[in-house]
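Below you'll find the structure, written out as C-alpha cells, and then a few comments.
Read-outs throughout are calculated quantities, based only on the coordinates presented, and are distinct from any laboratory measurement. Since the model is a prediction, treat every value here as computed from it, not as a measurement. Cβ: placed from backbone, ideal geometry, glycine included. Neighbour counts: every protein chain shown.
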Amino acid sequence: MVFPFKIFLFLMYPFIVGSLITGCVSYRVIKAVEGRSVPNIFAEFRIGMTTLQEALQTLGAPDQVAELEGKDILIYQQSLLSNSGLSFGIPFTDIWGPSFNFSAYGELVRYDLVFLSFTPDGILSEIASEKGLRYPYLKTMLFDKKGE
Amino acid sequence: MLVFFLQSCAGWVKNRDYHPFDASELDKLTPGKSTVAQVTEMLGAPSNIVKLSNGNAYIYRRSLSKGTGLWLLIVSFGNYDKHYDQIVIFFDKKNVMTHYGVTLDAHKAAYGLPF
C-alpha cells in the first residue's frame, strides 16, 4: 500500500513546484512587426533625375502621402516593436502580510524609414532614410545616447 | 517534461481589415485616361484622400495580421506580424489619373516566434 502513495507523491511534487514557480517568476518576450522591409534606395535614386513614376515602380505604394510646402512627400516605413519583462515575487501574504515583488519591463519601437520629396512636376528633390532596426534592443534600451 | 507541457499553452490570432483587392482589376488602371469616377467604381471608396500640390492621392489600404502566443511555465513569447495591401493613385486637378503605386504584401503576414 505504501508503493502507490510514493508514486502519487512523485507525480504531485513536480506539479506543486511548477505551480509555485509559475506564480513567482515570469519572463516574457514580445515582438511585433508592421509593414514590409524598406529597401536601401540611395544607389538607385538620383535627386533631380528620378521621377515619381520610377519611385512608385521601384518601391510600390507608399505608407504615407502628404503635401509639404508645395512638394509631394512619400514615406515608406517598417516598424518593429520589442517588448520584454521580468517579474520576480515571493508571496508571503498568507503567513506574514507584505510580499516582495520585483519587476522590470521595457518596450522599444524602431523604424526603418525612407522619405522622398517630389516637385509638383514629379521630380525627386529630396531624399532621406533611417535604419532604426539596426540598433540592438538591449543597447538601445539601456544607454541614453546614440553609440554609447 | 510532463509538467512543462501540462503547464503550457499556445494561441493564434488572425485579423483581416476589410476584403482583399482583386489584383486582376488593377490592369484596367490607365494613367492619363482613368478618372476618379472609374477608379472609385472599380475599387470603391478609398481609405483616405490626401491633397497634393498638383491634385489628390487616393489611398486604398487593406491589412492582414497574424499573432502567435506561447506560454511555457515561467516564460511567455508573443509575436505579431502585420502586412498591408496598398494602392495609392495620383490624380491631377482634372481628376485624371497620372500615376499609381501598388504593394500587395498582406499575404506575407506569418505566424511565428519572436526570435
All positions within segment B:101-110 that are crowded, with 19+ Cβ neighbours inside 10 Å and more than 7 Å from every other protein chain (Cβ to nearest Cβ): B:A106, B:A109
Restricting segment B:41-93 to residues that are hydroxyl-bearing (S, T, Y) and outside any strand (DSSP E or B), the residue that is surrounded by the fewest Cβ atoms within 10 Å (Cβ to Cβ): B:S47
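Please work out which residue is farthest from A:M49 (Cα to Cα), limiting yourself to segment A:108-129 and to residues that are of a type in the set (D, E, K, R) and surrounded by 12 or more Cβ atoms within 10 Å (Cβ to Cβ).
Our first condition is that a residue be of a type in the set (D, E, K, R); within segment A:108-129, this holds for A:110, A:112, A:121, A:126.
Among the residues that remain, those that are also surrounded by 12 or more Cβ atoms within 10 Å (Cβ to Cβ) are: A:110, A:112, A:126.
Details: A:R110: 31, A:D112: 24, A:E126: 11 Å.
If we take residues in segment A:108-129 being of a type in the set (D, E, K, R) and surrounded by 12 or more Cβ atoms within 10 Å (Cβ to Cβ), then A:R110 is farthest from A:M49 (Cα to Cα).
Evaluate the following for B:S24: is it among the polar types (S, T, N, Q) and in contact (Cβ under 8 Å) with a residue 24 or more places away in the chain? Give the steps one after another, and end with the answer.
Working: among the polar types (S, T, N, Q): yes; in contact (Cβ under 8 Å) with a residue 24 or more places away in the chain: no.
Spelling it out, it is not the case that B:S24 is among the polar types (S, T, N, Q) and in contact (Cβ under 8 Å) with a residue 24 or more places away in the chain.
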Here is a list: B:N48, B:N95. Which entry is touching a residue at least 24 places away in the same chain (Cβ under 8 Å) and either in contact with a strand residue (DSSP E or B) (Cβ under 6 Å, 6 or more places away or on another chain) or within 25 Å of B:K14 (Cα to Cα) (or both)? B:N95
Residues being in a strand (DSSP E or B) and under 30 Å from A:Y137 (Cβ atoms) - total across segment A:39-72: 1
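Please go through segment B:65-92 and pick out each residue that is more than 7 Å from every other protein chain (Cβ to nearest Cβ), of a type in the set (A, V, I, L, M, F, W, C) and without any contact (Cβ under 8 Å) to a residue 60 or more places away in the chain. Spell out how you get there, then give the answer.
Applying the first criterion (more than 7 Å from every other protein chain (Cβ to nearest Cβ)) to segment B:65-92 yields B:65-72, B:85, B:89-92.
If we keep only those that are of a type in the set (A, V, I, L, M, F, W, C) as well, we get B:70-72, B:89-91.
Matches in segment B:65-92: B:F90, B:F91.
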When B:F115 is evaluated against the numbered criteria (1) of a type in the set (F, W, Y); (2) in a loop (DSSP other than H, G, I, E, B); (3) crowded, with 19+ Cβ neighbours inside 10 Å, which criterion, by number, is the only one it fails? (3)
